[in-house]
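Taking it in order: structure first as structure tokens, then the write-up.
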Amino acid sequence: MWQAENIKFSSDLSPATVAQIIVDNGKTSPVIQDIRTADRYFDIHNDIERKTRSYFDKDGKSIANPAANNARIKSNFLRMQVQQKQDYGFAKSFVIKLSTEKQSEIDLAEDAYGLEWKNFLDKILYKMTYRLAGQAVNHGIAWCYVWINGNGELNLEDLKGDLVYPVWKDRQHVDLNSLVYNYFQLEYKSLEPTKTEFAELWTETEHFKFDVSDGYKDVPFFTDSHSHMTNGVSWEKIPIIPLKSTDDEKPLVLFIKDYIDSYDKLISRSIDGLIDDLDPMLVFKGISPNVGDLIEARELAKMTRTISLDSDGDASYIQAQTSVDAHLKELETLKSDMIKFSYGVDMNDARFGGNPNQLVIKSLYQDLDTYTDGIERHFQSFIDQLKYFFDKWYEITGRGSFAEAQEYKILVKLDRSMLINQSSLIDDTVKLQGTGVSQKTLLEFNPVVQDVELEQKRLEDEKAENDIFRLDSEPNKKQDSDGKEV
């Protein structure tokens, strides 16, 4: 991520030196800083938190004004847009299909390899994918560590994005050459913890752990081997898989940060203006401009409701008028632009009112759909990479051979959470009857059907019951000596 050019490490360099080079470059990378900015705005710690109210004295020096109202209104717009995309593409369980050259579609429940995938999906993958999708949208890329637990089960763990420093083999960021995971660990030996920094270096065949706080001292694993696995078996690939949201791995905040900052500033300044303007300005004529004299005269006017001035003096109030309508209009414009440039859907759009047909709804979701098309393509790449480790695990645990598992292909399809006009879609389903479309396709198209496989079984059961009822209800027919019914 942080590299601008292809990087090659000399074979003379020790693994500790390679790790140090990657960490030193990764920590100062603008890409990592962008990820941290994304996290900050996702947690609603926007730049508006640093807003101050000040004035300039006669020497041009900025002086903080504690008497002035200083609203710091933070919008949670980034969080809403990230979660909208996360929920739209991954809130529902995605569809996964297996095939081989001999079979175009394989029922997961009826195949030994498919059944292992089904169990993995239900226990691990659905939940982890939802987490990774949110991180991918927010950071531009998410990282998933693949490992085998003590019970021999395949597991996934998401890694904190701003602590992962990858080195790619290619400019397109397809294949990893090496990767460092740089993190801190707290250890309590007393009431005060000891904070230690570590760097784990991964290559295709080896895994090292270094104590950064102790000059990159090698930290041994449970065995002396630097293999990916403690039993000496290697994955033969770095067991950390990226899930990208876009080709260029850009955090969503980069496209809308200026709009968020402008929105926060405008609404905060508007509130400052409204509060400041609640009290009118008191204007004196014929009194010393000295600040102390002005404050004394103002306080006296507040207490006694009277003002004493020279014969040529005067005093009056001026009520400032803040243009609330103009500010509201500008806020709506900024909000609309933020939704547009973040590929979102404005759920307050007037076209959602009434009873919009499905064509109108699809047009409202067009930008979000386009964005989701891209992340769905990257998700397919993620599953393809995950399948390699799944197939290795399949062999390591004695479930079958790696070569046999590699013959299977996986296709994933996201089940998008678009608002639908159910009556319109049901009408369309009815129109498709008798057009040559299969019963299974009709069930998939029908919005009322939540589980196609279950619905098919229900139809089969009903058909079987009806056939039995029909046979039982037929009257007993008699035959004559020639075998004819009478």
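Using a Förster radius of 30 Å, what is the FRET efficiency between S54 and L328 based on their Cβ-Cβ separation? Nearest 0.05, please. Spell out each step's value before the answer.
Values: r = 27 Å, r/R0 = 0.89.
Efficiency computed from Cβ-Cβ geometry: 0.65.
Between A67 and L121, take the C-beta separation as r, use R0 = 51 Å, and let me know the FRET efficiency to the nearest 0.05. Can you show the working numbers first?
Details: r = 61 Å, r/R0 = 1.19.
The computed FRET efficiency comes out at 0.25.
Which order do the peptides 130-136, 96-102, 248-254 come out in when sorted by mean C-beta neighbours inside 10 angstrom, highest first?
Working: 130-136: 23.1, 96-102: 13.1, 248-254: 19.3.
Taking the mean over residues of other Cβ atoms within 10 Å, the ranking is 130-136, 248-254, 96-102.
Taking 0.36 nm per residue of separation and subtracting the current Cα-Cα distance, fully stretching the chain between K189 and T100 would add 26.5 nm. Protection proxy ranking of 67-73, 190-196, by the mean of other Cβ atoms within 10 Å over each peptide's residues and highest first, is 67-73, 190-196.
If R0 is taken as 41 Å, the Cβ-Cβ distance between T397 and L454 corresponds to a FRET efficiency of 0.85.
What ranking do 50-57, 403-410, 378-385, 165-172 get when scored by the average of other Cβ atoms within 10 Å per residue, highest first?
Numbers: 50-57: 11.2, 403-410: 14.9, 378-385: 18.2, 165-172: 16.6.
So the peptides 50-57, 403-410, 378-385, 165-172, ranked by packing, come out 378-385, 165-172, 403-410, 50-57.
With 0.36 nm allotted per residue and the present C-alpha distance subtracted, the I7-K409 stretch has 141.4 nm of extension available. Under 21 Å of direct C-alpha separation, and excluding same-chain neighbours fewer than eight residues apart, K195 reaches these lysines: K27, K160, K209, K217. Using the basic label-point model (7 angstrom from Cα toward the beta carbon), what is the I275 to N25 distance in nanometres? Each label point lies 7 Å from its Cα, and together they span 4.9 nm.
Read-outs throughout are calculated quantities, based only on the coordinates presented, and are distinct from any laboratory measurement. It should be emphasised that the depicted structure is a prediction, and the values quoted were computed from it without experimental measurement. In this analysis, Cβ positions are derived from the backbone assuming ideal geometry, glycine residues included, and neighbour counts consider all displayed protein chains.
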